[in-house]
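One structure below.
The values are calculated or read from the model by the stated rules, or taken from the named source; none is laboratory data. Quick caveat: nothing in here was measured; it's all calculated off a predicted structure. So basically every Cβ, Gly included, is an ideal-geometry build from the backbone, and we count neighbours across all protein chains shown. The protein model used for the area step is the full one, side chains on, heavy atoms only, and it has no ligands, DNA or RNA in it. Shrake-Rupley method; radii C 1.70, N 1.55, O 1.52, S 1.80 Å.
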Number of protein chains: 2
Amino acid sequence: MKQNLKPTESELEILNILWTFGPSSVRDVHEKLLLTKEAGYTTTLKLMQIMLEKNLLGRDVSGKSHIYTALVDKEQTQGQMMKKMIETMFNGSPVQMVMQALGNHKASKSELEMIREYLDKKIKK
Amino acid sequence: MKQNLKPTESELEILNILWTFGPSSVRDVHEKLLLTKEAGYTTTLKLMQIMLEKNLLGRDVSGKSHIYTALVDKEQTQGQMMKKMIETMFNGSPVQMVMQALGNHKASKSELEMIREYLDKKIKK
DNA sequence: CATTTGTTACGAAATCATTCGTAGTTATCT
DNA sequence: AGATAACTACGAATGATTTCGTAACAAATG
């Protein structure tokens, strides 16, 4: 019954929108998607229907337009994706990945400080 | 002439082997690959030939067996992949990603300390 | 009521990624 | 040389993902 097929790239984009904005119609999702990429409406629709079949999404059919919800957990999915990436590109070392992320993408000083604080707590334990 | 097609999952595995071990024959790569996954020899061969066409790899044809080299930079490629992941799953925030990585994957205390040190340096600048 | 607009359903094409069989080449070994 | 082993080349099957057209229907509009 339960399965956890890894979401595809496009599916992730949709999941992220639902995680961020909560339950939404296809049109809502589609409009958010357009901010980032080209896509036809029926393409988005079809994708979401497929995700429904894969149990990545659920939906409420009672109204005129159907309302979809993410059925997979955000943190868990992020974790899985990261794990895979760490394995295939960072030889299994999360630390390597973190340094790469911090090195390449500029974070503000206050963001860096947040991380340091977080680390401090983690190290003390 | 220039192109930067994002490497596929399988291609990343191969790139990572070449980054780690340096220029290698198909057989060498294939053997390393086998430690992790099932794969036929000609499958690996074909993949590497395709990567050659995409200019992800170069090769030296002078010997009996060809020797392949990664033509794309490790850090740069990692960076691109991370960037995309940060965009599609972490709403563009590298910090969110880092915290997720540190939270979900256990790192040893000394590893964490390495990161903190790195951060300290970065913050001072 | 007739038309336009917005929606779902769904098949099927297009594209991309992966896998493998087979043929042919070159080297090695007896 | 002849046989065997290790390669490369490459077409083609398979599989997965993405894209889109078209049909059908429902709601809203004039």
**Prompt:** Which of the residues that make up the stretch B:96-105 are facing chain A (nearest Cβ under 8 Å), open to solvent by 10 Å² or more (accessible area, probe 1.4 Å) and part of a helix (DSSP H, G or I)?
**Reply:** B:M99, B:Q100, B:N104
**Message:** Please go through (1) open to solvent by 70 Å² or more (accessible area, probe 1.4 Å); (2) closer than 30 Å to A:S108 by Cα for B:T36 and return the number of the only condition it doesn't satisfy.
**Reply:** (2)
**Request:** Mind listing whichever residues of the stretch A:1-21 are open to solvent by less than 20 Å² (accessible area, probe 1.4 Å) and in a loop (DSSP other than H, G, I, E, B)?
**Result:** A:P7
**Message:** Regarding the stretch A:63-75, can at least one residue be identified that is under 21 Å from B:E87 (Cα atoms), assigned to a helix (DSSP H, G or I), away from DNA strand D (no atom under 16 Å from the Cβ) and without any contact (Cβ under 8 Å) to a residue 24 or more places away in the chain?
**Reply:** yes
**Request:** Within the stretch A:106-124, work out how many residues are more than 7 Å from every other protein chain (Cβ to nearest Cβ) and either closer than 15 Å to B:Q96 by Cα or assigned to a loop (DSSP other than H, G, I, E, B) (or both).
**Result:** 4
**Asked** Could you count how many residues in the stretch A:39-87 are under 19 Å from the mean Cα position of the chain (by Cα) and more than 10 Å from DNA strand C (Cβ to nearest atom)?
**Response** 26
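Conditions tested, residue by residue: (1) within 14 Å of chain A (Cβ to nearest Cβ); (2) under 17 Å from B:E53 (Cα atoms); (3) at pLDDT 95 or above.
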{"residue": "B:M1", "(1), (2), (3)": "no, yes, no"}
{"residue": "B:S10", "(1), (2), (3)": "yes, yes, yes"}
{"residue": "B:I14", "(1), (2), (3)": "yes, yes, yes"}
{"residue": "B:I17", "(1), (2), (3)": "yes, no, yes"}
{"residue": "B:G22", "(1), (2), (3)": "no, no, yes"}
{"residue": "B:S25", "(1), (2), (3)": "no, yes, yes"}
{"residue": "B:H30", "(1), (2), (3)": "no, no, yes"}
{"residue": "B:K37", "(1), (2), (3)": "yes, no, no"}
**Prompt:** Does the stretch B:39-61 hold any residues that are exposed (fewer than 14 other Cβ atoms within 10 Å of the Cβ), touching a strand residue (DSSP E or B) at 6+ places or on another chain (Cβ under 9 Å) and assigned to a loop (DSSP other than H, G, I, E, B), and which are they?
**Reply:** B:V61
